[in-house]
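The values are calculated or read from the model by the stated rules, or taken from the named source; none is laboratory data. This structure is a prediction, so every number in the text was calculated from the model and none was measured. Every residue, glycine as well, gets a Cβ built from its backbone with ideal geometry; the counts of neighbours run over all protein chains shown. Heavy atoms of the whole protein, side chains included, go into the accessibility calculation; ligands, DNA and RNA do not. Shrake-Rupley method; radii C 1.70, N 1.55, O 1.52, S 1.80 Å.
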Amino acid sequence: MEKIFDVIIAGAGPAGLSLASVLSQNHKVCVFDKNKIGSTTKSWASFRDLIEKLDLGDSIINNRIEALEFGHYLGAKWVFKDIYCQLNEPKLLEIFTSRCKKENITFISSFEINTFQKIENGVEICKGNDKFRAKLLIDCMGADSPIVKKFDLISKYSSYPILGVNVKNVSVDAEKFIWEIMQTPDYKELMIGGIMPYCENYAQVHVFPYLENKRVDYDFLESFLEDYFTYYPGLKNAEIVSKTKGTILMGDLKKNALDNLFFFGESALWTPKFIGTGMNQILRDYLRVGEKISDLIMRKNLSEKYLAKIKPLSQNKKSLHFLHCFEKIVFSLKDYPEKLNKFLIKINSSHPRFGECLMRNRFDAEILRKSWEKIHEHFSIREIYKMIPKKDILFLLELGIEVLEDSILEKYRMHLKNL
């Protein structure tokens with residue numbers, strides 16, 4: 001049998017269901033997921049103002065979190081003041097599902113879209129003897145999308161594979177998140193452990209390494225998760241309730257669209273390369289993206305040319321580029337924990353709002369200037385040039401023209417001549 005839709009969405013996570021809630025208002029939509037619709041093994045946190053702006057407040061399970069504490073096992077500690085919240089993940093998906101227009105939506109569980117075939121003015125997907133046809137396919141399958149892999153669309157990427165457990169009978173501060181760079185003598189990458197509290201005696205404990213150009217088997221993280229329980233006395237009597245895992249994938253997608261095919265959420269690799277999560281990027285973008293897609297459907301402009309013009313919310317390019325350089329400095333120090341510890345202490349003192357802007361992925365001119373000055377105070381010019389690829393040097397020089405003293409800038413110019 002042939003089943004005809006305007007849009008097929010592959011993946012019923014926050015990316016797929018949020019878009020479905022918008023597109024189903026005016027179009028016939030079919031949503032596929034390899035698991036049960038509305039189920040997830042992932043954990044999401046966000047900013048209260050963003051959740052409330054989108055009228056998703058019923059999904060908040062802990063709205064008391066006022067800080068994220070990021071530490072290093074040698075003593076460095078940042079406290080990022082902000083208005084965070086921990087979310088009830090199934091409830092969030094339930095809200096998006098309930099916002100779909102019932103007469104325009106079809107949900108199909110337990111089927112993963114591995115491939116599709118192009119037909120005239122659309123795509124076709126086969127499930128048994130059924131053929132599902134649509135004008136547009138939207139890939140929201142996340143970090144391991146088989147379609148992204150099939151078309152070999154990732155040119156460069158890094159990832160945070162996350163393994164965690166939900167636990168009860170814990171004694172942790174319910175008003176702050178905790179992340180810490182762990183001491184891992186037998187592991188060369190940076191391993192981070194974290195506690196995300198749901199209430200006074202219920203929390204999630206997780207570990208996640210930063211990996212450049214590779215992924216890791218979740219089984220490999222089991223021992224590090226066990227180690228992390230020894231860090232905090234409050235976890236001594238913890239009882240595991242359930243497991244959670246996921247991957248935050250960051251990188252460059254060669255194309256964010258093909259003819260009659262669009263990528264959104266983690267599949268689109270829109271996550272900022274250093275900080276933030278795909279979840280919050282989705283929440284910032286889904287309304288605008290859904291409206292633009294709806295407009296293209298009505299105009300019958302679903303070619304790559306038009307779909308590719310849909311981009312994530314614009315960000316200050318200097319801010320984003322500085323974050324990339326900051327990322328490269330941090331991870332160039334991963335084999336030198338004492339240097340990294342000192343640098344984290346130094347950079348955190350650059351500005352009172354540094355942590356907030358880092359987590360929300362936005363720096364203003366003043367914070368850019370003070371942060372860059374702190375980097376310069378901490379490292380010699382020669383050290384910086386060893387940590388930063390040559391392609392980023394021009395950006396740093398241009399930023400230096402705006403924020404650094406002439407005498408310092410001249411040193412950079414001379415060093416550039418010697419490269």
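For region 130-143, the set of residues classified as over 22 Å from the mean Cα position of the chain (by Cα), modelled with pLDDT under 95 and open to solvent by less than 30 Å² (accessible area, probe 1.4 Å) is empty.
Among the strands (runs of 3 or more DSSP E) confined wholly to region 1-104, which include 1 or more residues that are surrounded by fewer than 21 Cβ atoms within 10 Å (Cβ to Cβ) and in contact with a Lys or Arg (Cβ under 9 Å, 6 or more places away or on another chain)? Outline the logic, then answer.
Details: elements: 2-10, 29-32, 45-47, 60-62, 67-72, 77-81, 84-87.
Per the criteria, 2-10, 45-47, 60-62, 67-72, 77-81.
Assess whether Asn129 counts as being in contact with a helix residue (DSSP H, G or I) (Cβ under 6 Å, 6 or more places away or on another chain), in contact (Cβ under 8 Å) with a residue 24 or more places away in the chain and more than 21 Å from Pro14 (Cβ to Cβ). Criteria not met by Asn129. All of (1) open to solvent by 70 Å² or more (accessible area, probe 1.4 Å); (2) farther than 20 Å from Lys300 by Cβ; (3) free of Cβ contacts under 8 Å to residues at least 60 places away in the same chain hold for Glu120 with one exception: (2). With the condition kept exactly as written, say whether any residue in region 144-155 is open to solvent by less than 70 Å² (accessible area, probe 1.4 Å), over 24 Å from Asn26 (Cα atoms), assigned to a loop (DSSP other than H, G, I, E, B) and in contact with a Lys or Arg (Cβ under 9 Å, 6 or more places away or on another chain). Checking region 144-155: at least one residue is open to solvent by less than 70 Å² (accessible area, probe 1.4 Å), over 24 Å from Asn26 (Cα atoms), assigned to a loop (DSSP other than H, G, I, E, B) and in contact with a Lys or Arg (Cβ under 9 Å, 6 or more places away or on another chain).
Let's see how each residue does on (1) under 17 Å from Glu291 (Cα atoms); (2) touching a Ser or Thr at 6+ places or on another chain (Cβ under 6 Å); (3) not β-branched (Val, Ile, Thr):
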| residue | (1), (2), (3) |
| --- | --- |
| Ala10 | no, no, yes |
| Ala15 | yes, no, yes |
| Leu19 | yes, no, yes |
| Cys30 | no, yes, yes |
| Phe47 | no, no, yes |
| Lys53 | no, no, yes |
| Ser59 | no, no, yes |
| Arg64 | no, no, yes |
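Evaluate the following for Asp173: is it within 20 Å of Asp335 (Cβ to Cβ) and more than 24 Å from the chain's Cα centre (by Cα)?
Values: within 20 Å of Asp335 (Cβ to Cβ): no; more than 24 Å from the chain's Cα centre (by Cα): yes.
No; evaluated as a whole, the condition is false for this residue.
Against the numbered list (1) open to solvent by less than 50 Å² (accessible area, probe 1.4 Å); (2) within 22 Å of the chain's Cα centre (by Cα); (3) without any contact (Cβ under 8 Å) to a residue 60 or more places away in the chain, Tyr228 comes up short only at (2). Just name the residue that is nearest to Asn121 (Cα to Cα) out of those in region 302-348 that are open to solvent by 10 Å² or more (accessible area, probe 1.4 Å), among the hydroxyl-bearing types (Ser, Thr, Tyr) and in a helix (DSSP H, G or I). Filtering first and then ranking leaves Tyr306.
Checking each residue in region 134-143 for being outside any loop (DSSP other than H, G, I, E, B) and out of contact with any Phe, Trp or Tyr (no Cβ under 7 Å at 6 or more places or on another chain) picks out only Lys135.
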